[in-house]
Structure formats: C-alpha cells, structure tokens
Amino acid sequence: MSPIRYNALVGRVRRTRRLGHRDDTSPRPISPHGAFRERALPRTSILAISRVVIMAAFALIVLPPFPSTRAQEIFEEKSDVIPEQVEKMYVKGLQYLQKSQGSNGSWTDPAGGDAYGNNPAVVGLAVLSMLAHGDDPNTGPYSETIRHGLDFILTNMDPSTGYIGNSMYNHGFSTLALAESYGVVNDPRIGPALKQAVACILTSQAGNPMGAWRYSPQSRDADTTVSGAQLVALFAARNAGMAVPEEAIQKALKFFIACQTPEGGFGYTGPNGPNAPRSAIGTLMLALSREKKTESFRRAVRYMGNPQLDNSYYHYYLYYASQALFQASYPAWQEWNGVNIKTLATAQEPDGSWNGQLGKTFSTATSLLSLALNYRFLPIYER
C-alpha cells in the first residue's frame, strides 16, 4: 500500500472510531502474499508490553500529576465522539458542494454556483472542507470533486510567478488548499506548485515595508485579513515539509501585534476598530506562532470571550473563531462548538447549503470548516 493510501486509510479509521462504531477496515499485519491476516504477538513483544504497563503504573503512582485543568483537557480530547448531528450536517453540506460544482472545477454553473464561486480562494476552501472530513481523497466519495477543484486552482496559477488568482486573498487560501492536499492527494503537480506559491508569499512579504501582505503581491501596505490568509498558508506549508523561514513568521507576527488594541482585539490596518473576524484571525496567528504564554495572547483570548460580533462577515468569523478557540482552550471551544452546531443546524438549507453575504459556496465551505474541529483530520488543526 502506498504511503498516500495508508495515510488516508488511517485518517478514516481515526474518524470512524470517534464516530463511535467499529471499523472493520482497520489495517492489520499483511502477510507476504498480501492478504490481511491476524498474527499472534511473539513472546518478546508480550514481555515488552508488560514492561511498558509496569512503567506506566509506576509513573501514575510515583510521578507528580499534570495540572488538573490540562489533565482534564487531555482526557476530554482523547475521548471525543463526533456528534451524530454533526456528521449528518457535514455529509449533507458536502453533497451540496459535490452536486453544485461546475465542469471547470469552480462553483459558477447556474445549477448551484454564485458570484464568488469562481474565485480560487472559495474553491480552495471548498476543497479543504472535503479534505477535513477524512475520506480517502483519491478514491473516496468526493475524490473527483477534490481533483476538479485542485485542477481549477492550478489552472489559475501564473506559471512564472506562482501567483494564484487576482488577489492575495485568492492566493493565500489556494496555497492553504495545496498545502493540505500535499502528501494525501496523489497528484505530482501539487508539490512543485506549493513550493512556487510559498515563494510568491515570501517574495511579496520581503518587498512590503510592514512585513505583511495586502491585496496584491506588490502592495506596500498591509491588513490583518489578507495577512492572516498568507500566514496560515505558510504554517500549513511548513507542516507539509516546505522550507518557511522563521524570520518570515516573526515579521508577520510583529505586524499583528502592532494591530492589537489595548482591550485585546485586532484592527484592520492598525490598533483600532477591532471586530470579531479580525480578532479571531489575530488570536489564531498568535496560537499557531506558539505565543500562547504571552500577554498578547491572553488579552486576545479575553477579547474573544466578548467580541464585537455583527452579521457582515459571520461565516468568515466562524471559520477563524472555531480554530482560535480550539487553540486557546479546549473547554471554551467545546462550549462554543455546542452553540455553533445548534445554530448551523437551524440555518442549513434543505439542499445542504448555507447562505450568506459572500454566496452559498463560501458560506457552506466555511460553515463546514467551523465544524471540522470535531474531526480534527487536517494537520493545521493540531494543537
């Protein structure tokens, strides 16, 4: 079995077990003839396991415990079961995206597309929502939809510069989709394209006096929303094994901290006018940068508890808030997640979609991704 198929299988096994039922496709030792076969453990393995059990018991009795709050979080994380309602909602949403995708891989056909469905960023988010479910991306039920979406993204990449689409919004989310596809989707084009897309982000930052990003690769100013899309893409690319200089991360982080308000929220181009989506972005950037022990992060988390929420970019907020709260506090995310599940269940259309200011495809993809922390399949969702 190839590494790609094996990784996808293990991810699916992990997801189905959290759903609370037995999975008969769990990988077993393979005989020289290729058939699955149960094998008894050798005596040496039994002795080794016995030693591990004895050592673990000793550690539980003698060694000091974790702080109680973190120990409880670890226990809760390991014992999660995906709510049945989430699975039903998620599959219904994915089936909507599958049925409404256009022939060119975007979501622009009259059958179900919208004004924003031909943006590579929206296509990238739709692809991410499918990958986040944990099905095999090469042979699973959404493999063709994923492949067509990636085809659209790659078609919209400038072969000389690596720039995807017509804005850095498009470029950032498309690069994120490539990074999460790399190593799990069997397509030899993804690796070279991801490397080129990352280089474009880094080149754009190097020419920006603020060390961040805005609408075009040549922009001389920056804002937190565009910069958030680029920085998440860089984190995902680094997780995938691409070379991303720590200096680039720190320069971008410095810009975000400069945009933080005294109360902990994040403004758009400076430390003023914070709102819920931008503050969720800033909080997540601090968390992914491993700045959780800083005062900036503590203030950001406090602000997240009482953000200035409006309906202008509600689904955009859901996408980032789910990740920010999960990174900040598992119990806080659990509470938020329960409310989010109920809210999205009420708002989901009969065809499986969600609707919002930026169209049905964007709203559906981001709604699904706000639920995807229940699965935690994507590497970018690791704590």
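A few comments on the model shown:
- FRET efficiency, K342 to S160 (Cβ-Cβ, R0 56 Å, nearest 0.05): 0.70
- Estimated vicinal HN-Hα couplings, Hz - region 204-215 in sequence order (Karplus 6.51, -1.76, 1.60; Gly, Pro = x): 4, 5, 4, x, 9, x, 8, x, 9, 9, 9, 5
- Phi-based couplings in Hz for region 360-375 (Karplus 6.51, -1.76, 1.60; Gly and Pro marked x): 5, 5, 4, 5, 5, 4, 6, 4, 4, 5, 6, 8, 5, 5, 5, 8
- Filter on K88/K254; K99/K292; K92/K292; K99/K254; K195/K251 - keep pairs with C-alpha separation over 32 Å: K88/K254; K99/K292; K92/K292; K99/K254
- Distance (nanometres) between label positions extended 7 Å along Cα→Cβ at N355 and A243: 5.0 nm
- Residue-wise HN-Hα coupling along region 261-275, computed from phi with Karplus coefficients 6.51, -1.76, 1.60 (Hz; x: Gly, Pro): 7, x, 7, x, x, 10, x, 8, 10, x, x, 7, x, x, 9
- Taking label positions 7 Å along the Cα-Cβ direction at both E382 and E291, the computed distance is 2.2 nm, reported to one decimal.
- Relative contact order of region 270-337: 42 percent, from C-alpha pairs under 8 Å at least 6 residues apart in sequence.
- Taking amide H as placed 1.01 Å from N in the peptide plane, W213 has its amide H under 5 Å from the amide H of D223, S227, each at least 5 places away in sequence or on another chain.
- Note on region 227-314: Kirkwood radius taken over Cα pairs, Stokes-Einstein applied at 37 °C and 0.692 mPa s, translational D equal to 250 µm² s⁻¹.
- Cut-off under 5 Å, modelled amide H: who pairs with F266 long-range: T261, N275, S279
- Here the label points at Y215 and R298, each 7 Å from Cα along the C-beta direction, are separated by 4.0 nm in the simple model.
None of the figures in this text is laboratory data; all of them are computed from the coordinates on show. This structure is a prediction, so every number in the text was calculated from the model and none was measured. All Cβ positions, glycine included, derive from the backbone under ideal geometry; neighbour counts span all protein chains shown.
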